[in-house]
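First comes the structure, then the notes that go with it.
Read-outs throughout are calculated quantities, based only on the coordinates presented, and are distinct from any laboratory measurement. Remember, predicted model here, so these are calculated numbers, not experimental data. Counting neighbours? That spans all protein chains shown, and the Cβs are built from the backbone with ideal geometry, glycine included.
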């Protein structure tokens, strides 16, 4: 500014010298040229000031916008990261549930095999018992029938017993008692065998019913388990697709965040350059304008 003022003072001194040596018209012309140049400098300085103010304003607006964008991207990236972690955890949980379902089904299959083996052994044992009891029943029944037939034949008359009533052998009442006792005993044994056969049949039927119920329950468990595994597998596929999309968006957002951060740094550098170019002018603008105006006066 001092150099500028000194230069202007030299120009005034030159004008004074011209006034002494040159005609008046040359002096007027030189003054007009000086005034024109000073007016141009004033106008250019105003334009430069306006340019600086505008550049600083635009930089400030763009900086605030970029800061807001960077903050939004950081928030979005954090949200996407949380979504990815949640999806990853859910997928792992679904896979664990599928493994557990398959383990439970394997255990159920092993239990079903053991139950079926026990059922077949039980039925086999009860059938064999029934067959043996039926054979025993048939043999004993045949013996008892034969014995009963023999007992119903006419008895051989024994020698007369002098001590007994005339015409009636001694001890003729005993065969009747023995016949009744043997008949009663045979009925009891046969009845017991029939009862045992019936009990064996009941055990066989109950085992068969239990086997059918267990097999039905097992088949339902298999169907339900397969349905659940299929549903969870589809859910894993859906969540895996969501995770892939989320990770892709995370990558894009991270890249955009990096570019935005770099843009913010560039804006800071631009602002520093503007200040380097404009701070002196803005700080001394009023003084320079008033000084130049004073010279013009």
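Just a few scattered comments:
- Shown is the FRET efficiency for residue 120 and residue 199, computed with R0 = 25 Å from the Cβ-Cβ distance and rounded to the nearest 0.05: 0.80.
- Nitroxide proxy distance, nm - points 7 Å out along Cα→Cβ at residue 245 and residue 187: 8.7
- Extension reserve of the residue 290-residue 139 stretch, reckoned as 0.36 nm per residue once the Cα distance is removed: 39.7 nm
- Here segment 238-279 and segment 73-101 have alpha carbon centers that stand 26 Å from each other.
- Extending 7 Å from Cα along the Cβ direction at residue 234 and again at residue 111 yields two label points whose distance is 2.8 nm.
- Modelled label positions at residue 44 and residue 271, each set 7 Å beyond Cα in the direction of Cβ, lie 3.0 nm from each other.
- Theoretical FRET efficiency, 1/(1+(r/R0)^6), r = Cβ-Cβ of residue 61 and residue 258, R0 25 Å, to 0.05: 0.65
- Protection proxy ranking of 220-227, 67-74, by the mean of other Cβ atoms within 10 Å over each peptide's residues and highest first, is 67-74, 220-227.
- Extension gain, residue 81 back to residue 131 (0.36 nm per residue minus Cα-Cα distance, nm): 10.6 nm
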